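Written out below as structure tokens is the structure these notes cover.
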Amino acid sequence: MNENLREAGSYFIQKNYKKAIELYYKVLADNPENTFVLSKIAQCYLFLSNYDKAISNYERILELEPHNIEAYLSAAKVYENTDDIDSAVEFLNLALKYEPNNTSILENLYFLYVDNEDYEKALYVLRDKLINIMPTSANYFLLAQAYERLFNYEHALKYYLKSISINENNIDAKMAVARILFADKDYEKAKKYVVDILTQDISNYDAHKLLGQLYIEEEKYALAVDEFNFALNINPKDDELYYYIGFCYSILKKHDKAITALKNTLQINPINHTAKILLANNYFADGDIEQAQILINEVLNFMPVNDDAQKLTAEILMAKHRYERALDRFNSILKRNPNDSYCLYKKGVILSILGLGEEAQNCFKKAISYNKYDLKSYIALANSYIDTGKIIKALNCFKRALTISADSYDVILGIANAYYLKNDFENARENYIKILKINPGEHQISYNLGKIYFRQEDYMLAFKYFKDAVLLNSDDYMYHYDLAKTYIELAQVEDALEEYSKSLDLNPAFLDCKLEFADLLAASGNTEKAITVLKRSIRMFPEEFTIYIRLSELYQTTGDIKKSNEILDKYLKDRNDIDEDILEKIENMKSTLLEVK
């Protein structure tokens, strides 16, 4: 062996490409047509990122050996590295003239077309050439991908299934089939493929994520959360997973958990405006209107006409009783989209609040005409009929709503309330009890029955149904609250205190519950704890006058006249627009305290 060639090979192995090139050229001086040496020089230049000289050497090889397929492939790879896709394709097509059935050339050509987003040509290479030579599972998978990129999902599905028929362990093909079926809303078949994937690979991240999405479609939100959390253990940086978890908790009305999940989404992707809007909605539902407004303003700064953001802004205005401004917001959306049934519904709600019942009913009817499945508009229309004393019309409207959702709590409650307003308590009770016999798990119905019996002062039966409701769904703060009030009527003070406490754990912002809890604590001799509850209430509701009065009175009962006065002064501090009646009441209390002192 030529000594220079041997040493050049040694330097090549050591990655000393400059020294290798120097020695290879010495070899080439003796034999200028040595294509092996030219190839090694081209490789050295390639490793040194000197692409022009690498190409020059490959072109020289092809002048000497026009049939050298490896040189064509290597030259194409160099052009690909320089993003000169057209030249790379040209060299591969030249190679194909010599070896039209060379699978390496065809595969390289396919991927070049894909990288260049020329999917029609990529499809041609696969369908008309490569697949006929190598009808493998992998190639059918690539063919399906090509069709999918061209949005031909029917053919994509066909060839993904062909790929699976050749190799039943092709998880990627099964995952692709599941995604197409999911997009086509064939959830049952999609789920079968996902479950099959998980039997093969329990740690498959994509399968767990898609299964979670399938559970959302089935309205099995708790199961969906489990799947998304499993996927997060595999990929904790997927902001979409946190978003889905936040969405599920929103539907389940677990707003604190939804808020946590959506905050995680925004930590990973701070410009996810969809997540910001959903987070704002959860803050709003949780009573934190200020935080909701901050987030929505951020979204509107980037997208001033975002309808979802505008809708929540209108909701916030409604919560602040700024109905005219909220109405303007909904009207502005309706100018862009007059068929928006949600805005029509909300517009009807505002008109009802403003006392424009007939106009409100027209809005609800119009919303239904655009969306015949708009349950909330049926309910609102029926309630509007109730407000105007048209009970029969209301019942008929509720019955139409039942055809949309046979187990809707609001609809069933509306029917019962309609009977109740007619003083037809027997029909109301029978209606609820009949439904419970069909489905005893309807916790809302148990709760409604409890309310009826409570109003009739039948506290033992009220207790039975409130207790059933709590056992069926312990996450509803109102269930615990009304059970607590029933315990009071049954003189079971300790049980009442426990239920008040559970209600507040679920909804710390429930002011009526806080006040009643404090009253009962004080009445049962636990004055210090009652004072603590009221202090915390002031921190949460600093503008609520009633809390200050209750706390001042409690301090008075303990003989602490100084603190009783201080709490009244605390309310008066920095307030220049106090209602005259409130001011008079405070002055009378302070006068009484002075007399006691």
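Couple of notes before you dig in:
- Label zone (ILE13, point 7 Å along Cα-to-C-beta; backbone nitrogen cut-off 19 Å) within the stretch 28-48: 37, 40-41, 43-44.
- Convex hull volume per residue for the stretch 28-111, taking Cα atoms only, in Å³: 81 Å³
- GLU120-SER203 FRET efficiency (beta carbon distance; Förster radius 30 Å; 0.05 resolution): 0.20
- Chain lengthening between ASN132 and SER405 when straightened (0.36 nm per residue, less Cα-Cα): 92.9 nm
- The stretch between ASN233 and ARG6, if pulled fully straight at 0.36 nm per residue, gains 76.4 nm over its current Cα-Cα span.
- Excluding same-chain neighbours fewer than eight residues apart, the lysines reachable from LYS19 by a Cα-Cα span under 25 Å are LYS40, LYS53, LYS77.
- Coupling constants for the stretch 228-235 follow from the phi torsions by the Karplus curve (6.51 cos²θ - 1.76 cosθ + 1.60, θ = phi - 60°), and in residue order they are 5, 5, 4, 5, 5, 5, 8, 9 Hz; glycine and proline get x.
- Anchor LYS422: aspartates and glutamates whose Cα lies under 16 Å away (excluding residues fewer than 8 positions away in-chain): ASP387, GLU430
- Difference of contour (0.36 nm per residue) and Cα-Cα distance, ASP577 to GLU90: 167.1 nm
- Helix 205-217 axis, angle to the chain major axis (alpha carbon atoms, nearest 10°): 40 degrees
- If you take all other residues with their beta carbon under 15 Å from the beta carbon of VAL177, and give Lys and Arg +1 and Asp and Glu -1, the sum is -1.
- Separation of the stretch 340-418 from the stretch 254-275 is 33 Å, based on Cα centroids.
- Distance between the pseudo-spin-label points of ILE561 and ALA491 (7 Å out from Cα toward the beta carbon): 3.7 nm.
- Using C-alpha pairs below 8 Å separated by at least 6 residues, the relative contact order for the chain is 3 percent.
- Positive-end residue, the chain charge dipole about Cα centroid, Cβ charges, pick of TYR11, THR486, ASN565: THR486
- Positive minus negative residues near LYS376 (Lys, Arg vs Asp, Glu; Cβ under 12 Å): -1
- Share of pairwise Cα separations in the chain, more than 41 Å, in percent: 52 percent
- Between ASP512 and GLU543, the distance separating the two model label sites (each 7 Å from Cα on the Cα→Cβ line) works out to 2.0 nm.
- Charge tally in the Cβ shell below 11 Å around ALA231, where Lys, Arg are +1 and Asp, Glu are -1, ALA231 excluded: -4
- Remark: the stretch 5-11, residue by residue, has Karplus-estimated 3J(HN,Hα) of 5, 5, 5, 4, x, 5, 5 Hz, where x stands for each Gly or Pro and the curve is 6.51 cos²θ - 1.76 cosθ + 1.60 at θ = phi - 60°.
- Within the accessible area of the chain (1.4 Å probe), percent carbon and sulfur: 48 percent
- Heavy-atom surface of the stretch 8-145, accessible at 1.4 Å and reported per residue (Å²): 51 Å²
- Degrees separating the helix 561-572 axis from the principal Cα axis of the chain, which is the longest one: 60 degrees
- The distance between label points at LYS158 and ILE289 comes to 5.9 nm (points 7 Å beyond Cα on the Cα→Cβ vector).
- The residue among LEU344, GLN361, ALA261 whose Cα reaches farthest toward the positive pole of the charge dipole of the chain, with charges on the beta-carbon of Lys, Arg, Asp and Glu, is GLN361.
- 0 to 90° range, to nearest 10: angle between helix 477-489 axis and the chain longest Cα axis: 20 degrees
- Peptide packing for 516-522, 266-272 was compared via the average number of neighbouring C-beta atoms within 10 Å per residue; ordered from the highest value, the list is 516-522, 266-272.
- For the chain, adding -39500 (n - 2.57) for each run of n ≥ 4 DSSP H residues and dividing by the number of residues yields -24500 deg cm²/dmol at 222 nm.
- Magnitude of the charge dipole for the stretch 395-450, about its Cα centre and with charges confined to Cβ atoms of Lys, Arg (+1) and Asp, Glu (-1), is about 120 debye.
- Debye log10 I(q)/I(0) for the stretch 458-594, one point scatterer per Cα, at q = 0.12, 0.17, 0.20 Å⁻¹: -0.54, -0.90, -1.09
- In straight-distance terms, cross-link reach from LYS485 covers every one of the lysines whose alpha-carbon lies under 21 Å from its own, apart from those fewer than eight places away in the same chain; here that gives LYS451, LYS464, LYS467, LYS502, LYS514, LYS529.
The values are calculated or read from the model by the stated rules, or taken from the named source; none is laboratory data. Predicted model only: the values in this text are computed from it and were never measured. All Cβ positions, even for glycine, are placed from backbone atoms using ideal geometry, and neighbour counts span all protein chains on display. Areas reflect the complete protein model, heavy atoms only, side chains present, ligands, DNA and RNA absent. Shrake-Rupley method; radii C 1.70, N 1.55, O 1.52, S 1.80 Å.
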